[in-house]
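Reviewing the structure listed below.
The values are calculated or read from the model by the stated rules, or taken from the named source; none is laboratory data. Please read all numbers here as calculations on a predicted model, not as lab measurements. Because the Cβ atoms are built from the backbone with ideal geometry, glycine has one as well, and the counts that use them run over all protein chains shown. What goes into the accessible areas is simple: the full protein's heavy atoms, side chains included, and nothing from ligands, DNA or RNA. Shrake-Rupley method; radii C 1.70, N 1.55, O 1.52, S 1.80 Å.
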Amino acid sequence: MKRDDAESAEPRAGTVYLVGSGPGDPDLLTVKAKRLLETADVVLHDKLPGPEIIDRLPEDRREDVGKRAGGERTPQSEINDRLVELARDGNDVVRLKGGDSFVFGRGGEEAEHLAAHEVPFEVVPAVTSAIAAPAVAGIPVTHRDHASSVSFVTGHEDPTKAESAVDWEALAATGGTIVVLMGVGRLPDYTRALREAGMSPETPVALVERGTWPDQRVATGTLETIVDVRDEAGISPPAVTVIGDVAGTRESIVEFLENDYGGASDGAADDGAAGGR
């Protein structure tokens, strides 16, 4: 049956692609992510994919909907509505997130919103910075001699929550590695909570700032000293915090680690940490 003119004039429904960019190095984009970024009608991105990836996107096809610590932010509700609007106008849209969009990236919220509004979408997984940033700094999140489990925790919970959903006492008792994302600002709070829960003050801790970016830096200390180390080194978001014995393995391999992106700047941060160890 032939469609009438009004129906045929309607734009086709576009598809939204929830794409993780990986930790920031363009070479670590998946093949599928790279292809979608080249062909999408519109890319909605935040700052976490990193300048090397964002700068490759044509300005007329990208929209910055980023959230910045202590600064401007685009409400999640506006991002959700914009995705629906663009797709209903017939656009294929990439929602680009740093790391993997389903690991503390609000990808789940966006997927639910799209489904509720009957907008087709696809999830494109990526290398999460929770694993990649420590790895390129020479820190494995698991190690047969040091940690057989790893816990991923957000250091930046929804501020509307009445109380934290993170049970730091349970994490301290569990052992293994604790990786905290978006936790630079609240570092004093959760390192204190872990010590009060019985974790040794001498537990190694590493901060990996802008993992895989050209200006990556790494600062190391202990559960007792890492806040001072952060302040002395000037570590700022985005950064990943690694807590546990694995954080101490970096020292034995970093001299030979060729993909330690930070180069000389990393050494300055580590020198600042050494005095507190």
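What the table shows:
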| item | result |
| --- | --- |
| Accessible-area value, residue 220, 1.4 Å probe, nucleic acids and ligands omitted, Å² | 10 |
| Of 173, 239, 206, the one that fluctuates the most in a GNM where the chain has Cα springs shorter than 10 Å | 173 |
| Listed residue (116, 181, 239) projecting farthest to the positive dipole end of the chain, Cβ model | 116 |
| Check: the chain dipole with +1 on Lys, Arg Cβ and -1 on Asp, Glu Cβ, in debye | 260 |
| Relative contact order (%) - the chain, alpha-carbon pairs under 8 angstrom, separation at least six | 19 |
| Value at 222 nm in deg cm²/dmol, rounded to 500, when DSSP H runs of n ≥ 4 in the chain each add -39,500 (n - 2.57) | -8500 deg cm²/dmol |
| Total lysine pairs whose alpha carbons fall under 27 Å of each other in the chain (8 or more apart, or interchain) | 12 |
| Built amide H within the under 5 Å cut-off of residue 57, gap 5+ | none |
| Cβ-defined net charge surrounding residue 87, 12 Å radius [Lys, Arg +1; Asp, Glu -1] | -4 |
